[in-house]
Amino acid sequence: MIDTEVLEHLEEPEMSLNVLAKILKWCGYGLAAGRVKGPNADHVCLCRNSDKVASDLVKPGLAIVDCIVDGSCSPRRGRDSVC
C-alpha cells in the first residue's frame with residue numbers, strides 16, 4: 001500500500017490511517033510520504049512536525065519500520081523563489 005502526499009489533503013486523515021491499518025493488519029507493508037510544515041492552498045491538514053506524524057501513524061496500530069526526515073521542504077523566507 002502506498003500513500004504519498006495524500007493525508008494533508010484530507011479533513012480527517014485519522015480515518016484514512018484506520019482503514020490502512022485494517023488493510024495491512026494481517027500482512028503487507030505500506031509506504032507513507034507527506035509534507036511536514038509544507039503549507040499549500042489545497043492542504044486541509046497541516047502536519048506540524050515529524051513526531052506528530054509518527055504518533056498519528058502508530059495510533060491506529062501501524063508500525064514504523066523505517067523513517068527518513070528530509071529537510072528539503074523547510075519553510076521558505078519571504079523573498080525565496082519557488083520552482
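Below, the figures for the structure above:
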quantity	calculated
Karplus 3J(HN,Hα) series, Hz, for the range 26-35 with 6.51 cos²θ - 1.76 cosθ + 1.60 (x for Gly, Pro)	8, 6, x, 10, x, 10, 10, 9, x, 9
Under 5 Å, built H, 5+ apart or other chain: amide partners of CYS47	LYS37, GLY38
Rotationally averaged projected area of the range 2-68 (alpha carbon convex hull; nm²)	4.2 nm²
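Coordinate-derived values only; no laboratory data. Note that the structure is predicted; figures quoted are calculated from it, not measured.
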